[in-house]
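The values are calculated or read from the model by the stated rules, or taken from the named source; none is laboratory data. Being a predicted model, the structure only gives us computed values, none of them experimental. Cβ: placed from backbone, ideal geometry, glycine included. Neighbour counts: every protein chain shown. Just so you know, the surface numbers come from the protein's heavy atoms only, side chains and all, with ligands and any DNA or RNA stripped out. Shrake-Rupley method; radii C 1.70, N 1.55, O 1.52, S 1.80 Å.
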Amino acid sequence: MIKVRGLNKEFIQGQERTHVLKGVDLTVEEGEFVAVMGPSGSGKSTLLQLLGGLDIPTEGDIVINQNKLSIMSEKERTIFRRKYIGFIFQNYQLLPTLTVEENIAFPLHADGSLTKEKNQTILKLLDSVGLKDFGQKRVNLLSGGQQQRVAIARALVNSPSVLLADEPTGNLDRNRAEEILGLISRFNREKNQTIIMVTHDIFAAGFADRIILFKDGVIDQEASRKDEDYAKYLANFMA
Ligand SMILES: Nc1ncnc2c1ncn2[C@@H]1O[C@H](COP(=O)(O)OP(=O)(O)O)[C@@H](O)[C@H]1O
Ligand SMILES: [Mg+2]
């Protein structure tokens, strides 16, 4: 379970202060699939960065699977991240001169060698993101959409209990997006993975159990699939 309480984040650059998150409270159950929507600049990516322990809040608490991030050292946060978190970055953050397989395998090196079993996992993932024959290609030779799929495979390779995805289908056409969302939903169902996905695409958000609307650093609205008027809420968004 993820518990966020009173989360504030301020960026300070010289004289300039940007108050990005202004008291976010959020609880996400284990195995829940949450979509985060909202205007550009409203703090969605910042929230994901904090949830993944990549940055620290100015104020407030994050507890993930009973680990309180605010009391961890940087090293502890790195270990925590490896153990629990898969991250799909908005700009992929792949290692350009490594091959597709090497990129996907990267998170596995931290805890030892590549076993046969792990290699099987990589091959399976490659297949499921539609890159079966691309394992040996260097990622800087791939298209944006292909790189995005490598990033998705890399995020899933450790079977993380929490997947944080920042616009994972942003550069994909509808068919490919549907495939990827299907894959993410399948991990969510079969492995009870908790998913928090930032997206601009209501089609993508429609795969989630709950949609949170972010506005100016706080949660402005939310609706859950269980709500009676969820369909109306979705329709409103599409309009
Ligand atoms: N490292 C940073 N330093 C300074 N300002 C930042 C930093 N990261 C994000 N911001 C600012 O925080 C605001 C929210 O950014 P972001 O979380 O990326 O929004 P979103 O993902 O909703 O588009 C923006 O105004 C952005 O310029
Ligand atoms: Mg963003």
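When restricted to residues that are in contact (Cβ under 8 Å) with a residue 24 or more places away in the chain and within 16 Å of ligand 2 (Cβ to nearest atom), the stretch 17-28 contains 3. Among the residues of the stretch 91-108, the ones that are surrounded by fewer than 17 Cβ atoms within 10 Å (Cβ to Cβ), in contact (Cβ under 8 Å) with a residue 12 or more places away in the chain, under 20 Å from the mean Cα position of the chain (by Cα) and not in a helix (DSSP H, G or I) come to 2 in all.
The sole residue among GLY31, GLY41, GLY52, GLY60 that is in contact (Cβ under 8 Å) with a residue 12 or more places away in the chain and within 15 Å of ligand 1 (Cβ to nearest atom) is GLY52.
Kindly provide the set of residues from the stretch 126-161 that are out of contact with any strand residue (DSSP E or B) (no Cβ under 9 Å at 6 or more places or on another chain), in contact (Cβ under 8 Å) with a residue 12 or more places away in the chain and open to solvent by 10 Å² or more (accessible area, probe 1.4 Å), ordered by number. Before you say what the answer is, go through the steps one by one.
Quick first cut of the stretch 126-161, residues out of contact with any strand residue (DSSP E or B) (no Cβ under 9 Å at 6 or more places or on another chain) only: 126-133, 140-147, 149-150, 153.
Of the ones still in play, those that are also in contact (Cβ under 8 Å) with a residue 12 or more places away in the chain are 126, 128-131, 140, 142, 144-147, 149-150, 153.
Across the stretch 126-161, the qualifying residues are SER128, GLY130, ASN140, LEU142, GLY144, GLY145, GLN146, GLN147, ARG149.
Among the conditions (1) touching a helix residue (DSSP H, G or I) at 6+ places or on another chain (Cβ under 9 Å); (2) within 23 Å of ASP209 (Cα to Cα); (3) within 16 Å of ligand 2 (Cβ to nearest atom), the only one that SER45 does not satisfy is (1).
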